[in-house]
Amino acid sequence: MIRKLISYLILIPLGLVIVALAVANREVITVSFDPFSAAAPAFTLRAPLFVLVFVLVIAGVIIGGIASWLKQGKWRRAARHTEGELRAARDEIDRLRREAATREAAARGTAPLPLRPPAA
């Protein structure tokens, strides 16, 4: 409940700022991708300024997310390795408990019958 409230307290003002930015920057601008010819560029893009800003912000978020994901690779690898060790340790604990139960039953003289897989 509190998490939703905090999210709303952040998202509603952020949404209002984004809408205000879009309304205030509706002018169409020309972006040239040709650094050698300013008079007759090979490729230009005409779009409202807020579209360019939003595209650049989204691209920055994606690039930052990819960089963060790549940087955290060693931690994900360590977590997978630790999970494998934990799984092996639990398997060994289960095996040792079964052996201890079998030995205890044999010491009491009531050894369980070994189960065999069904014949095919």
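The values are calculated or read from the model by the stated rules, or taken from the named source; none is laboratory data. Just so we're clear, the structure is a prediction, and the values are computed from it rather than from any experiment. All Cβ positions, glycine included, derive from the backbone under ideal geometry; neighbour counts span all protein chains shown. These accessible areas exclude ligands, DNA and RNA; they are computed on the full protein's heavy atoms, side chains included. Shrake-Rupley method; radii C 1.70, N 1.55, O 1.52, S 1.80 Å.
Structure data summary
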{"read-out": "Estimated [θ] at 222 nm from DSSP helical runs (n ≥ 4, -39500 (n - 2.57)) normalised by residues in the chain, nearest 500", "value": "-24500 deg cm²/dmol"}
{"read-out": "Linear extension gain, residue 72 paired with residue 9, 0.36 nm per residue minus alpha-carbon span", "value": "19.7 nm"}
{"read-out": "Cα-centred dipole magnitude for the chain, charges only on beta-carbon of K, R (+1) and D, E (-1), debye, nearest 20", "value": "540 debye"}
{"read-out": "The chain - convex hull of alpha carbons, volume per residue in Å³", "value": "304 Å³"}
{"read-out": "Candidate residues 50, 33: accessible-area rank, largest first, probe 1.4 Å", "value": "33, 50"}
{"read-out": "The chain - percent relative contact order, Cα under 8 Å, separation 6 or more", "value": "13 percent"}
{"read-out": "Per residue accessible area of the chain, 1.4 Å probe, in Å²", "value": "91 Å²"}
{"read-out": "Distance between modelled label sites at residue 22 and residue 81, nm, 7 Å Cα→Cβ extension", "value": "4.7 nm"}
